[in-house]
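In what follows, a structure is listed as structure tokens, so that the remarks can point back to it.
The values are calculated or read from the model by the stated rules, or taken from the named source; none is laboratory data. In this text the structure is predicted, and so the values were computed from the model without any measurement. Glycine gets a Cβ as well: all are built from the backbone with ideal geometry, and neighbour counts include every protein chain shown. Only protein heavy atoms, including side chains, enter the accessible area calculation; ligands, DNA and RNA are left aside. Shrake-Rupley method; radii C 1.70, N 1.55, O 1.52, S 1.80 Å.
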Amino acid sequence: MAGRQANPYLRRPPVSLDPDVVLSVRHLSAAYVTRRGAVQAVRDVSFDLRKGESLALIGESGSGKTTLGMAINHLLNPPAKVTAGEVWYQRDGKLLNVLALHGEHLRRFHWQECAVVFQGAQNSFNPVLRIADQFVDTARAHNHENRAAIEKRALELLRIVQLDPERVLRSYPHELSGGMRQRVLLALGMLLQPQVMVMDEPTTALDILTQRVIIDTLRRLKDELNFSMIFISHDLSLAAELADRVATMYAGRIVEYADVRDTFYHPRHPYTLGLLQSMPPLKGNLADLKSIPGSPPDLITLPSGCKFHPRCPFAGPECTEEDPPAFDVGEDHQSACYHWQAVRNPQTEEAVS
Ligand SMILES: Nc1ncnc2c1ncn2[C@@H]1O[C@H](COP(=O)(O)OP(=O)(O)OP(=O)(O)O)[C@@H](O)[C@H]1O
Ligand SMILES: [Mg+2]
């Protein structure tokens, strides 16, 4: 029909997903086009997110975590763009091609299917609207008109995120602390009952007690509402507490993908091991703390072979030649390292001879 956007739900999908997969990211690459050249911020990323699962994306600053979170949700704007790959979303057996959504379909997707809480978004409320009106506005924008019903749902959600609902609904954003605003954002994100929530650094920039409250809140949300989460963080302790699975990113690529126990106890990529060893131990000696030597590569002129080889204590000649594929190294555990068999966490495993 001329002039009308096709309903993306009706597209005959060229893929089929397991029934419990809600999001399937396939060979996704994204870059920032700059005068110096293309910054390859996301390189050939693939993974499936399942119903009720929480996935942590970890990695140093600049490894591409935010860009990936945005790319998955079709939120990149110039100079950034997706250069390859697909993202499929599934609800009740229907499939959506996320990167083909535009305009109203895309807006609806972000509230009703896959909500995104951006890095530092606590400051993005409309300052002249009370919190109650922020909820009502959001719902109205999606054709939910009944103010009483919206406020009832807002009260419920604010209670789940452990805020005093009556007081918060009457407040203006500046009357709330950063931690309270972060929790309001989580509640707002849940308003239209999305199946997935993507959160970028949900606890960064908050004090340690407030971080604790947010972590507990997220855990409750996950248990009570059973939605899937992708959360981005360079804080490994957050991943340890909240994630079912962990994807470690280095120079735009997922270099290791494993369940949370394997990530911490049996890492099989030298970069994941390096991150673990640079994290303060819960018990033991602070003197054992090691930082990863060197710094991440320039994403415009990447090194040959494995992008981690210039910093890697395990690197051999083959690592400088070809980027390693993702090897299956255990059950549902992949590592993109030629030397994965030699990688052991000395805190939890015997060294191999
Ligand atoms: N607007 C931009 N123009 C050019 N390059 C950019 C732009 N935004 C980000 N980049 C580059 O893309 C790469 C990935 O950035 P991204 O923000 O995704 O990393 P991150 O892992 O989220 O880092 P952080 O932990 O600091 O939030 C970085 O090298 C960054 O310099
Ligand atoms: Mg970021």
Here the residues within segment 299-329 that are in contact with a helix residue (DSSP H, G or I) (Cβ under 7 Å, 6 or more places away or on another chain), surrounded by 17 or more Cβ atoms within 10 Å (Cβ to Cβ) and part of a loop (DSSP other than H, G, I, E, B) are Gly305, Cys306, Phe308, Cys312, Phe314, Ala315
field: Yes/no for Thr83 being touching a residue at least 24 places away in the same chain (Cβ under 8 Å) and within 12 Å of ligand 1 (Cβ to nearest atom)
entry: no
Inside segment 37-66, the number of residues satisfying the requirement of being part of a strand (DSSP E or B), open to solvent by less than 20 Å² (accessible area, probe 1.4 Å) and more than 13 Å from ligand 1 (Cβ to nearest atom) is 4
Apart from one, (1) in contact with a helix residue (DSSP H, G or I) (Cβ under 7 Å, 6 or more places away or on another chain); (2) within 19 Å of Val246 (Cα to Cα) all hold for Asp48; the odd one out is (1)
Every listed condition ((1) modelled with pLDDT of 95 or more; (2) over 27 Å from Leu218 (Cα atoms); (3) more than 16 Å from ligand 2 (Cβ to nearest atom)) holds for Val39 save (3)
Original post:
Regarding Glu151, is this residue of a type in the set (D, E, K, R) and open to solvent by less than 70 Å² (accessible area, probe 1.4 Å)?
Top reply: yes
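Results for (1) at pLDDT 90 or above; (2) under 26 Å from the mean Cα position of the chain (by Cα); (3) within 16 Å of ligand 2 (Cβ to nearest atom), shown as yes or no for each residue.
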residue	(1), (2), (3)
Gly103	yes, yes, no
Leu106	yes, yes, no
Glu113	yes, yes, no
Phe118	no, yes, yes
Val136	yes, no, no
His144	no, no, no
Per the filter on segment 172-183, residues free of Cβ contacts under 8 Å to residues at least 60 places away in the same chain, assigned to a helix (DSSP H, G or I) and out of contact with any Phe, Trp or Tyr (no Cβ under 8 Å at 6 or more places or on another chain) are His174, Glu175, Gly178, Gly179, Met180, Arg183
Per the filter on segment 203-253, residues within 16 Å of ligand 1 (Cβ to nearest atom), surrounded by fewer than 17 Cβ atoms within 10 Å (Cβ to Cβ) and either within 18 Å of Met180 (Cβ to Cβ) or among the hydrophobic types (A, V, I, L, M, F, W, C) (or both) are Thr204, Ala205
His74 vs (1) touching a helix residue (DSSP H, G or I) at 6+ places or on another chain (Cβ under 9 Å); (2) within 16 Å of ligand 2 (Cβ to nearest atom): all pass except (2)
Going through (1) modelled with pLDDT of 90 or more; (2) closer than 22 Å to Cys114 by Cβ; (3) surrounded by fewer than 18 Cβ atoms within 10 Å (Cβ to Cβ) one by one, Arg181 fails only at (3)
Checklist entry - Quick one: would you say Glu318 is within 22 Å of the chain's Cα centre (by Cα) and either at pLDDT below 95 or farther than 21 Å from Ala41 by Cα (or both)? => result no
Flagged in segment 99-121 as away from ligand 1 (no atom under 16 Å from the Cβ) and touching an Asp or Glu at 6+ places or on another chain (Cβ under 8 Å), in numbering order, are Leu99
Wholly inside segment 67-162, helices (runs of 4 or more DSSP H) that include 1 or more residues that are touching a Ser or Thr at 6+ places or on another chain (Cβ under 9 Å) are 131-140, 147-160
Within segment 198-230, of all residues that are under 25 Å from Val25 (Cβ atoms) and of a type in the set (Ser, Thr, Tyr), the one farthest from ligand 2 (Cβ to nearest atom) is Ser228
